[in-house]
There are 2 protein chains.
Amino acid sequence: MTLIDRLAAICGAPHVLTGAEAAPYGRDWMGKYVTQPMAVVRPGSVAEVAAVLRLASETGTPVVPMSGNTNLPGGGKAQGALVLSVARLNAAPVINRAARTATVQAGVVLSHLHDAAAAHDLIFPLTFGARGSAMIGGVLSTNAGGSNVVRYGNTRDLCLGVEVVLADGRVMNLMSALHKDNTGYNLRNLVIGAEGTLGVITGAVLKLFPRPRAYATAMVAMASLDAALDLLNRLQAETGGAVEAFEYMPRLYVETHLKVAPNAREPFSVPHDVNILVEVATTRPDLAAVGPDGSVPLVAQLEGVLAGLMDEGAVLDAVVAQNEGQRREMWSRREMAAELMRHFPAEVDTDICLPLDRVTEFLARVLPHVRRIDPNARDFTVAHLGDGNLHYTVLPSHHDGRDEDAIRAAVEDIVQDLGGSFSCGGGRTPWLWMSCGRSSARWTRAIS
Amino acid sequence: MTLIDRLAAICGAPHVLTGAEAAPYGRDWMGKYVTQPMAVVRPGSVAEVAAVLRLASETGTPVVPMSGNTNLPGGGKAQGALVLSVARLNAAPVINRAARTATVQAGVVLSHLHDAAAAHDLIFPLTFGARGSAMIGGVLSTNAGGSNVVRYGNTRDLCLGVEVVLADGRVMNLMSALHKDNTGYNLRNLVIGAEGTLGVITGAVLKLFPRPRAYATAMVAMASLDAALDLLNRLQAETGGAVEAFEYMPRLYVETHLKVAPNAREPFSVPHDVNILVEVATTRPDLAAVGPDGSVPLVAQLEGVLAGLMDEGAVLDAVVAQNEGQRREMWSRREMAAELMRHFPAEVDTDICLPLDRVTEFLARVLPHVRRIDPNARDFTVAHLGDGNLHYTVLPSHHDGRDEDAIRAAVEDIVQDLGGSFSCGGGRTPWLWMSCGRSSARWTRAIS
């Protein structure tokens, strides 16, 4: 029997794809990384995942686990490999309302989990632009972040337990629902963020939170990035840690959005360099209660804080959303980031984490350093400023990729000098190092 | 040269202790585990820690790392071993106010870190009764919890980076200050909670938080434990997640406190079975501002929520602290837990984590199960109810330890049946399994 036949015997012939049927699994959404998998297999149960991996181990077949295939920096490259899609592991999430947990399979789409939690008046807070396609398996395997990390943490912080199938087909059941679990070594966090290199995550127990009753959302123009960090700290104190999102968009981001998006509008009457999308939320009935004049106390509270900072000169301008439509408009500008990137003929994209107080220095130093290689390069940034996570992109003047490696190395120089790391964005080296770029060097150096 | 001489050559003779000088390091605070270390070495730098471990590796010398020696379940047992005390690694913590981090050595006493953060109007939130002696190294190595876990998480959640000396003397520098760090495998969380078995933690980067401007603290008598969990969820929603502590003390706890503590008072005018210490806190100036009549809005808010639940019958009685003295009195009752335990002639103590919604079932089932072994056993509980962490103690009727193993096994039966785990409390088996008790069996079974 061929490998394909043996896979079909495990999962059924309709769930083993080859040739043109397999091709979409080897291509990322941006069309930047195009590979041809040997085949795609779509097991329908954990037992089938185990059998597939056991077979792959026995036959020495390379396996690339895949869920929603929304990874942008090449995490799904699968040339000649067997793609193991977990998309059929998509049973309805089991919500435990009292304990505020969701037990979820790896193939569940993130937005479906959002819906399932909402039916119980709860939220799974992690969210990002690709939520309608991204699946839980990939969310966990990449330790995904998103727009709410400043309030709720990364995926790692939201996961209580995982189920993992090891390369030899053994199933490791770490499906704890405990908020503290000191049994043995903490293998859960080793598997999360391992990009599938230690095993295939097939399920998880995730934390849920009470659904906010009201949001207050604003676009704020700041005098500087340092002033923005100060605003964040002030808002956290004034609202009791209620900041749910704190997103930075520089002028070029806003300009590109105006060019690319239909019906896009300037956020302010005059252009500004430091544009922040800030959102606070509350579960408190008193702050969420709509008054007779239609006003919401939480919104008034945000307006009060911003007005105070405007008097001090730290805030240059601010627009507070007065209804859900205005709030959606603010968010849609932010969530178009991936589409905006496609507007440029060439880009060197990175996903960087920095200590919160080094972001300003990074942005001051990195472009001059890159311009030693490409004097006409520009840059394009959008950032989860609240947790020091920047999507930093260099727009090279040559569009043939000639400077890409040197530019990426130059960015890494500054990142490492400031104690930062590449969250993802390598896409050149296989397996885990995809997520580290040149940081694999740092990794080795970490043990001295 | 003897081993002692070689240790003295590394750290200086005054920092190598033997005989009577070494004895205190082999004895726990309760006096329950008394061992005689071969020697104690107290390196004064990371380089000296590395040299000691290298020497121990070369000579096959067993090493027990130790910091504050406040561990109760026997984590410091060191019969015939070399105790490596990190107590001299106690440089003043370096506080980064803008980034809200503290860089701390392993020998820093927890309360000293609290003081250092307070000087910058920040807090390191983790706290527990032994904070005046416990040191950061042990806090990390045991993934300590405490009274504020419900708000800020366990030690693991509060740690951004660690520095670890491996058994062969290599220093692993994982001192990231990043809120998201996806470089390579997550080794930080593997080392945290590993009880020193993977290496000796010598330093860490820890998260700090804004200091609350006001607290509201109450003793609340509930109709049942389930009602208490409902109270927690209601309070979280009503206060916007401001619950900092939610501690359960049953009647026997209160009675024991009345017997043991000087000046102890009943919390309520009549005795109740389910007594909860609840504390909410705010950084918001408006909620913390003291009114002309001396009232604090946060306190009024807590009173309002409790009054509403009293009308519904869920809250039987409640006393809200009106000043810091009353608040300290409430906390001192809770923080005397370890002293109260010493009051009993014999006890089988465990530290258990349960899914939040299984605590009631656990407490209903465990004592009847234990009484199959010892029909006259009683139990004594105090719990961080907000995160499902119970200090559960059986008081056996025989004081000679004859039933201890069987009782512990009986407790573990119920814990495992409910999807819980032993946080610590074994104390019988060496190394890591100290923290797992019989759960090592579960550990093995986890891979099927």
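The values are calculated or read from the model by the stated rules, or taken from the named source; none is laboratory data. What you are looking at is a predicted structure, and each value in this text was computed from that prediction instead of being measured. All Cβ positions, glycine included, derive from the backbone under ideal geometry; neighbour counts span all protein chains shown. Surface accessibility is based on the protein's heavy atoms, side chains included, excluding ligands, DNA and RNA. Shrake-Rupley method; radii C 1.70, N 1.55, O 1.52, S 1.80 Å.
Structure summary
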{"read-out": "Test set (1) in a strand (DSSP E or B); (2) away from every other protein chain (no Cβ under 14 Å) - residue B:103 fails condition number", "value": "(2)"}
{"read-out": "Whichever residue in the range B:162-176 is over 17 Å from residue B:104 (Cα atoms) and not acidic (Asp, Glu) and, among such residues, is nearest to the other protein chains (Cβ to nearest Cβ)", "value": "B:170"}
{"read-out": "Looking only at the range A:283-302, and only at residues there that are surrounded by 13 or more Cβ atoms within 10 Å (Cβ to Cβ) and more than 13 Å from chain B (Cβ to nearest Cβ), the one that is farthest from residue A:210 (Cα to Cα)", "value": "A:295"}
{"read-out": "Selection count where residues are part of a loop (DSSP other than H, G, I, E, B), buried (at least 19 other Cβ atoms within 10 Å of the Cβ) and among the charged types (D, E, K, R), scope the range B:28-84", "value": "3"}
{"read-out": "Criterion: within 12 Å of another protein chain (Cβ to nearest Cβ) and under 14 Å from the mean Cα position of the chain (by Cα) - qualifying residue of A:147, A:133, A:141, A:111", "value": "A:141"}
{"read-out": "The one condition in (1) surrounded by 24 or more Cβ atoms within 10 Å (Cβ to Cβ); (2) part of a loop (DSSP other than H, G, I, E, B); (3) polar (S, T, N, Q) that residue B:217 fails to fulfil", "value": "(2)"}
{"read-out": "Filter result (farther than 16 Å from residue A:250 by Cβ, within 12 Å of another protein chain (Cβ to nearest Cβ) and in contact with a strand residue (DSSP E or B) (Cβ under 6 Å, 6 or more places away or on another chain)) within the range A:343-372", "value": "A:351, A:353"}
{"read-out": "Selection status of residue A:183, in a strand (DSSP E or B) and of a type in the set (Val, Ile, Thr)", "value": "no"}
{"read-out": "Residue that is assigned to a helix (DSSP H, G or I), touching a helix residue (DSSP H, G or I) at 6+ places or on another chain (Cβ under 8 Å) and within 14 Å of chain A (Cβ to nearest Cβ), where the choices are B:280, B:305", "value": "B:305"}
{"read-out": "For residue B:264: the one exception among (1) buried (at least 20 other Cβ atoms within 10 Å of the Cβ); (2) in a loop (DSSP other than H, G, I, E, B); (3) more than 11 Å from chain A (Cβ to nearest Cβ)", "value": "(1)"}
{"read-out": "Given (1) more than 10 Å from chain B (Cβ to nearest Cβ); (2) under 29 Å from residue B:196 (Cβ atoms); (3) touching a Pro at 6+ places or on another chain (Cβ under 9 Å), index of the condition residue A:159 fails", "value": "(3)"}
{"read-out": "In the range B:100-115, the residues that are out of contact with any Gly (no Cβ under 8 Å at 6 or more places or on another chain), over 20 Å from residue B:45 (Cβ atoms) and surrounded by fewer than 20 Cβ atoms within 10 Å (Cβ to Cβ)", "value": "B:114, B:115"}
{"read-out": "Breaking point among (1) more than 14 Å from chain B (Cβ to nearest Cβ); (2) assigned to a strand (DSSP E or B), for residue A:95", "value": "(1)"}
{"read-out": "In the range B:110-129, the residues that are closer than 23 Å to residue B:336 by Cβ and of a type in the set (Gly, Ala, Ser)", "value": "B:111, B:129"}
{"read-out": "Where a residue in the range B:283-297 is touching a residue at least 24 places away in the same chain (Cβ under 8 Å) and its partner, wherever it lies, is among the hydroxyl-bearing types (Ser, Thr, Tyr), with Cβ under 7 Å and at least six apart", "value": "B:284/A:239; B:288/B:282"}
{"read-out": "The range A:177-213: number of residues that are over 14 Å from residue B:189 (Cα atoms), surrounded by fewer than 23 Cβ atoms within 10 Å (Cβ to Cβ) and at the interface with chain B (Cβ under 7 Å from one of its Cβ atoms)", "value": "1"}
{"read-out": "Test: residue in the range B:116-138 that is without any contact (Cβ under 8 Å) to a residue 12 or more places away in the chain and open to solvent by 10 Å² or more (accessible area, probe 1.4 Å)", "value": "no"}
{"read-out": "Among the candidates B:328, B:334, B:342, B:358, residue that is of a type in the set (Lys, Arg), in contact with a Leu (Cβ under 8 Å, 6 or more places away or on another chain) and either on the phi > 0 side of the Ramachandran plot or open to solvent by 50 Å² or more (accessible area, probe 1.4 Å) (or both)", "value": "B:358"}
{"read-out": "Answer from A:258, A:277 - the residue that is open to solvent by 20 Å² or more (accessible area, probe 1.4 Å) and at pLDDT 95 or above", "value": "A:258"}
{"read-out": "Condition check for residue A:370: under 23 Å from residue B:98 (Cβ atoms), buried (at least 21 other Cβ atoms within 10 Å of the Cβ) and at pLDDT 95 or above", "value": "no"}
{"read-out": "Number of positions in the range A:306-317 that are buried (at least 17 other Cβ atoms within 10 Å of the Cβ) and modelled with pLDDT of 90 or more", "value": "3"}
{"read-out": "Tally, over the range B:348-366, of residues that are in contact with a helix residue (DSSP H, G or I) (Cβ under 7 Å, 6 or more places away or on another chain) and within 21 Å of residue B:144 (Cβ to Cβ)", "value": "6"}
{"read-out": "Among the residues listed as B:182, B:186, the single one being out of contact with any Phe, Trp or Tyr (no Cβ under 7 Å at 6 or more places or on another chain), modelled with pLDDT under 90 and closer than 20 Å to residue A:154 by Cα", "value": "B:182"}
